[in-house]
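Just below is one structure, and these are the notes that go with it.
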Amino acid sequence: MKILVVNCGSSSLKYQLIDMDNEQWIAKGVCERIKVDGTIKGSTADGRSFENDNAPMNDHTQAFSYVMKALTQGECKVIDDISEIDAVGHRVVQGGWLFNKAELVDDSVVEGIRELCDLAPLHNPAHIQGIEGCFSVFGKDVPQVCVFDNAYHSTMPDEAKVFGVPYELTEKYHCIRYGAHGTSHKYIAAEVARMMGRDDLKLVSCHIGNGASITAIENGVVRDTSMGLTPLDGFIMGTRSGSLDPSVVTYLQEKEGWSPKETSEILNKKFGVLGISGVSSDERDIQKAVTEGNERALLSRKIQRYQIRKFIGSYVAALDGVDAIAFAAGIAENTPSLREDVCNHLSFLGIKIDEAVNNATFGETKKISTDDSKVAVFVIATNEELMIARETKQIVEKL
């Protein structure tokens, strides 16, 4: 079975074609600058690659047509015809109160995603366009499945997901903690359980990229997660503020005259590491600035790592113990100093890191703690695309 995994952002479309007989990717790539001028680049598992900077894309439907051409034509062709694709799996950021598991796409699912656009205004509309793009190419013949980022977090108890707002408003507007990165955290939990040879684990899973979240997991079930109603909550990220005293927001609105829409835009795109450092939201740029003696860049790094340690510590308390801590996603997988700094400041847990192994680990799945460490520590090369493909396959096989 060949499954095409699609991940649509506001101006991008990432894709990956996976052979589920061996769970190996065949081809992958990304369309970017959709609605501007359009570019597409991709690669194949056997080492071929391409890049086209002149690919006008008015919308995600047109971008999807470029993906089909990339898979079936040219030097990076991997299939003879689109009929070889058995199903399409879509990553959807926000399933809100409507979806707590993967769903086969039909009109009601599309309308549900549309209803939830207020909770993910940059992402959910793009997901709908991606689904419609698939329909325009495949018609109704190829099943599509939506895998929701928040679904894995739906097991959280009320005390973890209900905010301190009047309960009538909670019920009226479904204003609770939904979380994000659930597909990644689910993959991380499964990999740690596999590596430790047991499922009865208390795990703190750290997905740390430009967007980042930490999740407390017990026996494979989520107990708490750092992102909230939207992905803005938690610790500081590349451009997101993370948790703030609400008075900071209202105070700045009054002083700067920001509208609610402007406030949301600024909190999501101009705060966090970028806002503090004044340099960049990219860890590589921050590292360069720190090396050059930039104090604000150093401060942004210190704040982020401090907050990560606080979340891990609070989740150890929430779980009443911890068996393992896992680091995943772009920054955590490729920054040994972050992992070392966080773990060294959790010495009360009896964590011991193998410095040589940690310093040599980049973007791969590996245990980095010593054998006598009281808490196992892992780097997990997270694979959201494979997780989406697995859930898609499970649904399609039942049709």
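The values are calculated or read from the model by the stated rules, or taken from the named source; none is laboratory data. On a predicted model such as this, the values are computed, not experimentally measured, just so you know. Note that each Cβ is placed from the backbone with ideal geometry, even for glycine, and that neighbours are counted across all protein chains shown.
Report yes if some residue within the stretch 69-82 is assigned by TED's automatic domain parsing to the domain that holds Arg33, surrounded by 23 or more Cβ atoms within 10 Å (Cβ to Cβ) and either of a type in the set (A, V, I, L, M, F, W, C) or in contact (Cβ under 8 Å) with a residue 40 or more places away in the chain (or both); otherwise report no.
Within the stretch 69-82, one or more residues are assigned by TED's automatic domain parsing to the domain that holds Arg33, surrounded by 23 or more Cβ atoms within 10 Å (Cβ to Cβ) and either of a type in the set (A, V, I, L, M, F, W, C) or in contact (Cβ under 8 Å) with a residue 40 or more places away in the chain (or both).
If you scan the stretch 40-61, which residues turn out to be farther than 17 Å from Trp25 by Cβ and either exposed (fewer than 15 other Cβ atoms within 10 Å of the Cβ) or in contact (Cβ under 8 Å) with a residue 60 or more places away in the chain (or both)?
Glu51, Asp53, Asn54, Pro56, Asn58, Asp59, His60, Thr61, listed by residue number.
Of all residues in the stretch 109-154, which are touching a Lys or Arg at 6+ places or on another chain (Cβ under 8 Å), surrounded by 22 or more Cβ atoms within 10 Å (Cβ to Cβ) and among the aliphatic types (A, V, I, L, M)?
Those that are touching a Lys or Arg at 6+ places or on another chain (Cβ under 8 Å), surrounded by 22 or more Cβ atoms within 10 Å (Cβ to Cβ) and among the aliphatic types (A, V, I, L, M): Val147, Ala151.
Based on what the data block shows, is Gly112 outside any helix (DSSP H, G or I), at pLDDT 95 or above and not assigned by TED's automatic domain parsing to the domain that holds Ala326?
The answer is no for Gly112.
Go through the stretch 364-399 and give me each residue that's of a type in the set (S, T, N, Q) and in a strand (DSSP E or B).
Ser369
Against the condition at pLDDT below 95 and of a type in the set (S, T, N, Q), how does Gln129 come out, does it pass?
yes
Gly313: surrounded by fewer than 21 Cβ atoms within 10 Å (Cβ to Cβ) and either part of a strand (DSSP E or B) or touching a residue at least 24 places away in the same chain (Cβ under 8 Å) (or both), yes or no?
Yes: the conditions hold for Gly313.
Okay, residues lined up against (1) β-branched (Val, Ile, Thr); (2) at negative phi; (3) modelled with pLDDT under 95:
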residue: Val30; (1), (2), (3): yes, yes, yes
residue: Arg33; (1), (2), (3): no, no, yes
residue: Thr39; (1), (2), (3): yes, yes, yes
residue: Asp118; (1), (2), (3): no, yes, yes
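Quick one: in the stretch 236-281, of everything that is out of contact with any Leu (no Cβ under 9 Å at 6 or more places or on another chain), in contact (Cβ under 8 Å) with a residue 12 or more places away in the chain and among the charged types (D, E, K, R), which residue is surrounded by the most Cβ atoms within 10 Å (Cβ to Cβ)?
This residue is Lys269.
Of the conditions (1) outside any loop (DSSP other than H, G, I, E, B); (2) under 16 Å from Glu75 (Cα atoms), Gly47 satisfies every one except a single condition; which number is it?
Looking at each condition in turn, Gly47 falls short on (1).
If I ask for residues that are free of Cβ contacts under 8 Å to residues at least 40 places away in the same chain and part of a helix (DSSP H, G or I), which ones from the stretch 288-304 would you list?
Lys288, Ala289, Val290, Thr291, Glu295, Arg296, Ala297, Leu298, Leu299, Arg301, Lys302, listed by residue number.
Filter the stretch 1-36 for residues that are surrounded by 17 or more Cβ atoms within 10 Å (Cβ to Cβ), polar (S, T, N, Q) and part of a strand (DSSP E or B) and give the result.
Once the filter is applied, which keeps residues that are surrounded by 17 or more Cβ atoms within 10 Å (Cβ to Cβ), polar (S, T, N, Q) and part of a strand (DSSP E or B), the stretch 1-36 yields Asn7, Gln16.
Are any residues in the stretch 244-269 part of a loop (DSSP other than H, G, I, E, B) and within 30 Å of Ser154 (Cβ to Cβ), and if so, which ones?
Hits for the stretch 244-269 are Leu244, Asp245.
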